[in-house]
Amino acid sequence: MNKAITDGIVFQPLPFSAGLGIWSSGDGTPGSDTYAISGSGVYVAADADFAGCLEVLKVDPTARVRYMGETPILPGCYLRVTARVKAISGPFPAVRVSGWAGLAGGAPASGLPAFGPATQLTSYGQVVEVSAIIGTGNRTGVDMVWNGADYGHFGVDLTGPTGGVIRIDDITIEDVSSVFTRDLLAIVDVRDFGAMGDGVTDDSAAFEAADAAADGRTVVVPAGSYLLQSNVTMENHVKFEGRIVQAAEHRFILQRGYDFDAYLDAFKDEETAFKKAYQALINFADHESLDLCGRRILLTEPVDMQACDPTRTRFETRRVVRNGHFEPNDSAAWDTELVTSQATYSASDDLVLTDVVNVENIPMGALVEGNGVGREIYVTSVDVDAQTLQLSAPLYDAEGSQVFTFTRFKYMLDFSGYEKFSRFNLDDIEFQGRGVASGIILAPAGSTFHVRDCFITKPKDRGITSPGNGCQGMMIDRCQFVSNEQSLPVTDRVSIAFNANANDVKIRNNRASRFKHYCILSGTGSLIAGNHWFNGDNETLGVRKGGIILTTPNPKTIFTGNYCDNNFIEWTNEHSSDPAFDSQFSFGGLTITGNIFTINDVAPWSRFIVIKPYGPGHFINGFAVQGNVFRSLNGKIDRVEQVDTTFAELDFSRTRGFEFYGNTFSNVSEPASNPVILEHEQETAAVTWVMDTTVSLPFLGHARFVDNVMPDGPITNNSGTRIHELPWAEGDKGSDQRSVHLNWGSAVKGRVRYQVRMDDTY
């Protein structure tokens, strides 16, 4: 690059032969003394070494020769000032290139160096060349860094004893920018615009100036530490050799070549690079996704995603982070926080704990455990002044005061610092917990958080946690969850793949292996399709736990096309502050269709579908189990469904809209169906036939109605005469109400096929 050639800029001063009125004996500014009138310098037309030169009698401690023309100082342009001098007589001075730095308008540019290195003259008649390079960048070889100056008056200084006579050849000023430019057309160096790279000086303005000048070229950041103390946006490609240092509250946005590798080049640290790249992602509209470039990012501590940009407490614009790998190192930063504290609970304000002792010690996002506390209930906010905690769900039987346990797991990506966070995607990422860290914790509020094509491998405690309603509309698609408890018996496991508290969750085509539970779902309107979760172990006659736990009695949810392997669907109302039935929806709004249920090496009492009411008076009201395959391997199980009566039984007298049919049973001793088709043979003539459904109705429900009866052969009296009259039926008979009566006009015998229902129509 040569501005004299490319831009026609004149740097070279006029020769002394053009007149000494343009050569100052002062600083070179307008009005300063010139050699035309000073009397201490004369022009010598002929010299053995110089074609024409200025002869100066040194009468001052520092004698100056300055060109009065304004030589422009341009970013990226480096000027070399050269002078050839020789001593004629008298004491020997030292010689140095010097200059006066000015601003547009004539004011001096303060704080800039006024001279280059000095050379001592030692003999008469010897020609000595002195030079110095002046430029805006703090680069090796630059003698006078003039960042901020607009022009200069250049020449030489003669220092040392007075009385000497020195001759000075015509001074030259040439553009030597090419010495500092590695690619003459494609590179702009931030040092040319004043960047210091010392880790102390704020280089923000220099970066922006270099970017503005680049105009499509690459901006180069040479070796050094560049402190940026304000927001900086780079529109052009940037090549980093040095390191960026910037506080979390300031943003560094790369508009070109935006990906994780670019930020790793810039910040030289994986964690910092991810945080700053994420900060840029949520602050620049032209990028919808952050490509992690397939990199493994080793984390020394949980990433507080909100703290990556402290200025934002909410974010609800679609963004994607994809194609990478997160993994924790081994450090105390991943240790679980455990706090016990006394607090008071009232069902009248069922999402609040009051009078919490040492409430300031309890972290937001902590799991709450205690007497009468359901599963996966979290602290959604903490009010230290009021000594209260907000909860993600009500407690079923915790009225009064007690000591609760608050457990805060540590997650690789922690979004819990946001007030609300929505429309965010994690795509094609492995979260390798190594049994050291959990995976992801969501914000307390938000919607449509989407995790797709991800591996959540060996989380310490949880794969994905929703501490509040940030899971509204959450989607988990084509992910694999692998626990860190593969070798443990089911009874010893503590980890859970994920939970959700809000509505409209979509869980599709995922695979989960050997967790305590696959998921705990507290909202409604969920779709669970195409998943395979298996929670078995290597124990003989092993215990099985719920794979999916539904904590809402009317979840408005569909299970279809899933593979439920060595666990069961558990349906409760444990997230209710008044679990007894009053006027709310009871157990209904659930469809289980076209799934595979399998189990092996278990005791006969194992089940696939368990309803567990936490209070009395509940009943089935709108429930369908159709077209499923139930299979037990290496031993039979008694039946596939059960009511867990730990707290209460179902009221079977109120069952309505229950369809349980079209299912396939293998190695199940007592298949069930509703309606169920049975046979009865009456060998002794009787007016009333007592027909027992035994264990044929699901959940051992009541035989309430006979839908139809069809004789299987003749109905006769004791004399063998055929009877053609229609009988009438009664349900809910017997001490267990699982028998029906078929009533005839006279005593008859014979064989019938009949259909019984345990539910009423709506």
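The values are calculated or read from the model by the stated rules, or taken from the named source; none is laboratory data. Since this is a predicted model, take the numbers as computed values, not measurements. Note that each Cβ is placed from the backbone with ideal geometry, even for glycine, and that neighbours are counted across all protein chains shown.
Which of the residues belonging to segment 582-605 are at pLDDT below 95 and among the hydroxyl-bearing types (Ser, Thr, Tyr)?
Once the filter is applied, which keeps residues that are at pLDDT below 95 and among the hydroxyl-bearing types (Ser, Thr, Tyr), segment 582-605 yields only Ser583.
Which residues, counting only those in segment 368-399, are in contact with a Phe, Trp or Tyr (Cβ under 7 Å, 6 or more places away or on another chain) and closer than 16 Å to Gly417 by Cα?
Val379, Ser392
Scan segment 178-208 for residues that are in a helix (DSSP H, G or I) and buried (at least 21 other Cβ atoms within 10 Å of the Cβ) and report the count.
So the answer is 7.
Just a yes or no: is a residue in segment 548-556 under 23 Å from Thr694 (Cα atoms) and in contact (Cβ under 8 Å) with a residue 60 or more places away in the chain?
no
Out of Thr272, Thr317, report the one residue that is polar (S, T, N, Q) and within 26 Å of Gly199 (Cβ to Cβ).
Only one candidate passes the filter, namely Thr272.
Taking Ala285 as meeting all but one of (1) in a helix (DSSP H, G or I); (2) farther than 27 Å from Val81 by Cβ, write down the number of the exception.
(1)
Name the single residue, out of those in segment 568-602 being closer than 27 Å to Gln626 by Cβ and among the small types (Gly, Ala, Ser), that is surrounded by the fewest Cβ atoms within 10 Å (Cβ to Cβ).
Only one residue tops the list, namely Gly594.
Within segment 69-81, can one find any residue that is over 30 Å from Ala209 (Cβ atoms) and either outside the structural domain of Ile173 (by TED's automatic domain parsing) or touching a residue at least 24 places away in the same chain (Cβ under 8 Å) (or both)?
no
Collect the residues in segment 288-324 that are part of a loop (DSSP other than H, G, I, E, B), more than 22 Å from Thr457 (Cα to Cα) and out of contact with any Leu (no Cβ under 9 Å at 6 or more places or on another chain), keeping them in residue-number order.
Asp309, Pro310, Thr311, Arg312, Thr313, Glu316, Thr317, Arg318
Just a yes or no: is a residue in segment 194-204 touching a helix residue (DSSP H, G or I) at 6+ places or on another chain (Cβ under 9 Å), over 17 Å from Ala266 (Cα atoms) and not β-branched (Val, Ile, Thr)?
Checked segment 194-204: at least one residue is touching a helix residue (DSSP H, G or I) at 6+ places or on another chain (Cβ under 9 Å), over 17 Å from Ala266 (Cα atoms) and not β-branched (Val, Ile, Thr).
Considering only residues that are of a type in the set (Ser, Thr, Tyr) and either touching a Phe, Trp or Tyr at 6+ places or on another chain (Cβ under 8 Å) or surrounded by 19 or more Cβ atoms within 10 Å (Cβ to Cβ) (or both), look in segment 97-122 and name the one that is farthest from Asp27 (Cα to Cα).
Among them, the one singled out is Thr122.
If we scan segment 469-488, do we find a residue that is of a type in the set (Val, Ile, Thr) and touching a residue at least 60 places away in the same chain (Cβ under 8 Å)?
No - not one qualifying residue is present in segment 469-488.
Against the definition (farther than 18 Å from Gln737 by Cα and either in contact with a Gly (Cβ under 8 Å, 6 or more places away or on another chain) or in a loop (DSSP other than H, G, I, E, B) (or both)), how does Thr646 come out, yes or no?
For Thr646, the condition - farther than 18 Å from Gln737 by Cα and either in contact with a Gly (Cβ under 8 Å, 6 or more places away or on another chain) or in a loop (DSSP other than H, G, I, E, B) (or both) - is met.
Can you tell me which condition Val640 does not meet? The list is (1) crowded, with 17+ Cβ neighbours inside 10 Å; (2) modelled with pLDDT under 95, and all the others hold.
It fails just one condition, (2).
For residues in segment 532-549 being within 11 Å of Tyr518 (Cα to Cα) and in a strand (DSSP E or B), which is farthest from the chain's Cα centre (by Cα)?
Taking the candidates together, the pick is Gly546.
I'd like the residue in segment 692-720 that is in a strand (DSSP E or B) and over 57 Å from the mean Cα position of the chain (by Cα) and, out of all such residues, is surrounded by the fewest Cβ atoms within 10 Å (Cβ to Cβ).
Residue satisfying both the conditions and the ranking: Met710.
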